[in-house]
Amino acid sequence: MALNNLPSLNRLNELFEYRQGNLYNKTNRNSRSKKGEIAGTYSGRYGNVFIDGHPYTIHRIIFFMNNDYSPEFIDHINGNKHDNRIENLREAKRTDNQHNRALNNNNTSGAKNVYWSETKQKWCAGLRHMGKKISLGVFDKLEDAIVIVTKFREENHGVFANHGTFKGVV
């Protein structure tokens with residue numbers, strides 16, 4: 001599903017030039033946006049730029065300027081929301097975007113989709129897939145739990161598989 005709330009491609013090309021993951025102002029757009037300078041700010045998770053009084057995410061503008069369409073979801077392949085190089089942006093579904101999430105901040109095992117069960121005194125491996133909670137087993141060794149969830153993600157998430165801090169099988 002395309003999002004039609006972006007300015008026209010002509011308007012974007014009139015305002016910006018894309019180079020190496022950044023938008024550069026082609027004109028003095030206001031007192032803070034000078035010609036030749038990098039456009040937008042990074043005050044939150046994503047970079048934003050104002051156009052005609054409305055905020056837009058920089059990665060969405062860059063994707064649209066390079067592909068002439070705007071998908072519902074755009075994924076940052078390497079997970080870095082400030083890396084807006086076109087080769088780091090790809091169209092995604094909501095589930096694809098979730099598969100490519102990094103390790104949660106509240107993770108205590110150091111491994112994505114693995115936690116320690118105090119009651120079982122073992123490592124548990126599991127995740128949500130296609131709306132269902134899936135248990136992949138209970139393990140004595142953390143490494144065994146990591147291997148099983150890594151294999152599951154690779155088989156089921158394809159190019160969107162993100163293993164958190166672990167890049168493949170330990």
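The values are calculated or read from the model by the stated rules, or taken from the named source; none is laboratory data. Since we're looking at a predicted model, the values are computed, not measured. Glycine gets a Cβ as well: all are built from the backbone with ideal geometry, and neighbour counts include every protein chain shown.
Out of curiosity, is residue 156 surrounded by fewer than 18 Cβ atoms within 10 Å (Cβ to Cβ), touching a His at 6+ places or on another chain (Cβ under 8 Å) and not small (Gly, Ala, Ser)?
On the way: surrounded by fewer than 18 Cβ atoms within 10 Å (Cβ to Cβ): yes; touching a His at 6+ places or on another chain (Cβ under 8 Å): yes; not small (Gly, Ala, Ser): yes.
The answer is yes for residue 156.
If you check every pair at least six apart or on different chains, which have Cβ atoms under 6 Å apart with a residue in region 80-92 that is in the same structural domain as residue 59 (by TED's automatic domain parsing) first and a residue that is at pLDDT below 95 and of a type in the set (S, T, N, Q) second?
Here the result reads 88/78, each pair linking region 80-92 to a residue that is at pLDDT below 95 and of a type in the set (S, T, N, Q).
When region 1-59 is examined, which residues are found to be among the polar types (S, T, N, Q), part of a loop (DSSP other than H, G, I, E, B) and more than 23 Å from the chain's Cα centre (by Cα)?
Scanning region 1-59 gives 8, 27, 28, 30, 31, 33.
Out of everything in region 42-63 that is touching a residue at least 40 places away in the same chain (Cβ under 8 Å) and surrounded by 15 or more Cβ atoms within 10 Å (Cβ to Cβ), what residue ends up being farthest from residue 21 (Cα to Cα)? Outline the logic, then answer.
Narrowing region 42-63 to residues touching a residue at least 40 places away in the same chain (Cβ under 8 Å): 42, 51-52, 56, 60-62.
This time we only want the ones that are surrounded by 15 or more Cβ atoms within 10 Å (Cβ to Cβ), so: 51, 56, 60-62.
Details: 51: 18, 56: 16, 60: 12, 61: 11, 62: 8 Å.
Ranking the qualifying residues of region 42-63, first place goes to 51.
Mind checking which residues of region 1-59 are closer than 25 Å to residue 93 by Cβ and basic (Lys, Arg)?
45
Here are some residues: 83, 96, 75. Which one is part of a loop (DSSP other than H, G, I, E, B) and acidic (Asp, Glu)?
Just one listed residue meets the conditions, 83.
In contact with a helix residue (DSSP H, G or I) (Cβ under 7 Å, 6 or more places away or on another chain) and modelled with pLDDT of 90 or more: which single residue out of 142, 136 fits that description?
That would be 136, the only listed residue that is in contact with a helix residue (DSSP H, G or I) (Cβ under 7 Å, 6 or more places away or on another chain) and modelled with pLDDT of 90 or more.
Restricting to region 15-38, count the residues that are among the hydrophobic types (A, V, I, L, M, F, W, C) and either without any contact (Cβ under 8 Å) to a residue 24 or more places away in the chain or not assigned by TED's automatic domain parsing to the domain that holds residue 56 (or both). Please lay out each step first, then the result.
Within region 15-38, the first condition is being among the hydrophobic types (A, V, I, L, M, F, W, C), and the residues that meet it are 15-16, 23, 38.
Now narrow it down to the ones that are either without any contact (Cβ under 8 Å) to a residue 24 or more places away in the chain or not assigned by TED's automatic domain parsing to the domain that holds residue 56 (or both): 38.
Of the residues in that region, 1 qualify.
Every residue, every condition in (1) in the same structural domain as residue 153 (by TED's automatic domain parsing); (2) of a type in the set (Val, Ile, Thr); (3) under 30 Å from residue 156 (Cα atoms), yes or no:
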| site | (1), (2), (3) |
| --- | --- |
| 13 | no, no, no |
| 44 | no, no, no |
| 52 | no, no, no |
| 59 | no, no, yes |
| 67 | no, no, yes |
| 76 | no, no, yes |
| 115 | yes, no, yes |
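How many of the residues making up region 82-121 are at pLDDT 85 or above, surrounded by fewer than 14 Cβ atoms within 10 Å (Cβ to Cβ) and charged (D, E, K, R)?
Summing the residues that are at pLDDT 85 or above, surrounded by fewer than 14 Cβ atoms within 10 Å (Cβ to Cβ) and charged (D, E, K, R) in region 82-121 gives 5.
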